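**Student:** Pasting a structure here, questions to come.
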Amino acid sequence: MTRTLSEENYLKAIFHLSRNSKEKVSITTLAASLENTAASVISMLRKLTAKELVDYDKKKGASLTRAGEKAAIDIVRKHRLWEVLLAEKLEFSWEEIHDIAEQLEHVHHPELADRLDKFLGFPQFDPHGHPIPDIKGNISQVSGKLLSDSTIGIELEVVGVKDSSSMFLNYLKQLDIKIGSKLMVEQIIDFDQSAVIKINKGSSISVSRKFLESILIN
């Protein structure tokens with residue numbers, strides 16, 4: 001069954017938004033994630049329901065069918081494998097690879113993902129620390145926790161990011177923070193739950209709550 005680029009973006013969005021939850025994804029949440037109107041979201045969900053990729057309820061929202069989940073995992077797998085190739089073989093920086101992989105993930109060939117996987121040595125995680133689905137669609141659990149949940153005064157290692165947008169990764173680059181960097185929360189500000197953190201035993205900076213909730217540490 002052929003799928004448009006837009007349809008695949010919807011499947012991927014529902015997949016990410018429904019991870020670790022049995023609840024359907026609301027129209028409002030999906031519209032905000034895709035930066036689209038509720039009317040457009042509803043129209044697309046009806047199309048995907050007709051293709052038996054989505055189970056849509058106008059009151060509860062949307063969830064993926066088994067076929068829809070399989071398609072979404074295939075897209076995610078290709079995206080993350082492309083990111084590994086772009087970073088490790090073509091030497092793109094980690095703030096560049098997400099946007100490029102967003103385009104490449106829609107390239108279709110029945111053997112493409114498997115050949116990429118083999119060529120790259122069957123990597124388990126992409127350069128942002130996200131698990132790569134294997135050939136059977138199994139996805140490893142990320143062992144890291146959010147920096148916002150860490151104990152004050154304990155130095156921990158960055159193992160991934162929840163926000164892989166170019167804007168956030170460029171900010172991390174400016175701070176010289178990457179996978180493997182050492183971070184320690186020195187103080188939590190009661191007023192807004194922002195924090196003062198130390199980077200690689202060096203300088204201390206103030207960061208927002210959103211920053212703390214976007215970094216995975218171990």
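The values are calculated or read from the model by the stated rules, or taken from the named source; none is laboratory data. Computed from a predicted structure; not experimentally measured. Cβ coordinates were reconstructed from backbone atoms using ideal geometry, including for glycine residues, and neighbour counts include every protein chain displayed. Note: areas computed on protein heavy atoms with side chains; ligands, DNA, RNA excluded. Shrake-Rupley method; radii C 1.70, N 1.55, O 1.52, S 1.80 Å.
**Student:** In the neighborhood of residue 153, defined by Cβ-to-Cβ distances under 12 Å, what is the net charge if each Lys or Arg adds +1 and each Asp or Glu adds -1?
**Tutor:** Overall, the nearby charge balance is -1.
**Student:** If you don't mind, there's one more thing I want to ask. Could you let me know the centre-to-centre spacing of the range 183-197 and the range 93-144, using Cα atoms, in angstrom?
**Tutor:** The range 183-197 and the range 93-144 have Cα centres spaced 33 Å from each other.
**Student:** Ranked from highest to lowest mean number of other Cβ atoms within 10 Å per residue, what is the order of the peptides 141-149, 96-104, 180-188?
**Tutor:** Averaged packing, sorted descending, gives the order 96-104, 180-188, 141-149.
**Student:** Add +1 for every Lys or Arg and -1 for every Asp or Glu among the other residues with Cβ under 12 Å from the Cβ of residue 96, and state the total.
**Tutor:** Neighbourhood net charge equals -4.
**Student:** Want the number for residue 103 to residue 57: 0.36 nm per residue separation, take away the alpha-carbon distance, what's left?
**Tutor:** Separation in residues times 0.36 nm, less the Cα-Cα distance, equals 13.6 nm.
**Student:** Assuming 0.36 nm per residue, please report the length gained on full extension of the stretch residue 19 to residue 111 beyond their Cα-Cα distance.
**Tutor:** 30.5 nm
**Student:** Sticking with this one: When the accessible area of the chain is computed with all protein chains present and a 1.4 Å probe, what percentage of it is carbon and sulfur?
**Tutor:** Percent of accessible area from carbon and sulfur atoms in the chain: 51.
**Student:** If you don't mind, another one. Projected area of the range 156-208, taken from the Cα convex hull and averaged over every viewing direction, in nm²?
**Tutor:** Computing the convex hull of the Cα atoms and averaging its projections yields 3.8 nm².
**Student:** Give the span of the range 73-131's Cα atoms along each principal axis, as three whole-Å numbers ordered largest to smallest.
**Tutor:** 28, 23, 19
**Student:** On average, how much area does the Cα convex hull of the chain cover when viewed from any direction, in nm²?
**Tutor:** Dividing the Cα hull surface by four gives the mean projection, 13.2 nm².
**Student:** Let me ask you something else. If you take the C-alpha gyration tensor of the range 32-106, multiply each eigenvalue by 5 and take the square root, what semi-axes do you get, largest first, in whole Å?
**Tutor:** The answer is 30, 15, 8 Å, longest axis first.
**Student:** Suppose all protein chains stay in the model; what accessible area per residue would a 1.4 Å probe give for the range 17-102, in Å²?
**Tutor:** The answer is 58 Å² per residue.
**Student:** Another question, if that's okay. Based only on the alpha carbon positions, what is the Kirkwood hydrodynamic radius of the range 52-172, in angstrom?
**Tutor:** Hydrodynamic radius (Kirkwood, Cα only) of the range 52-172 equals 16.0 Å.
**Student:** On to the next question. Please compute the net charge surrounding residue 27, taking Lys and Arg as +1 and Asp and Glu as -1 over other residues with Cβ under 15 Å from its Cβ.
**Tutor:** Result for the neighbourhood of residue 27: +2.
**Student:** How large is the accessible surface per residue of the range 131-189, computed with a 1.4 Å probe and reported in Å² as a whole number?
**Tutor:** Computed with neighbouring chains in place, this is 56 Å² per residue.
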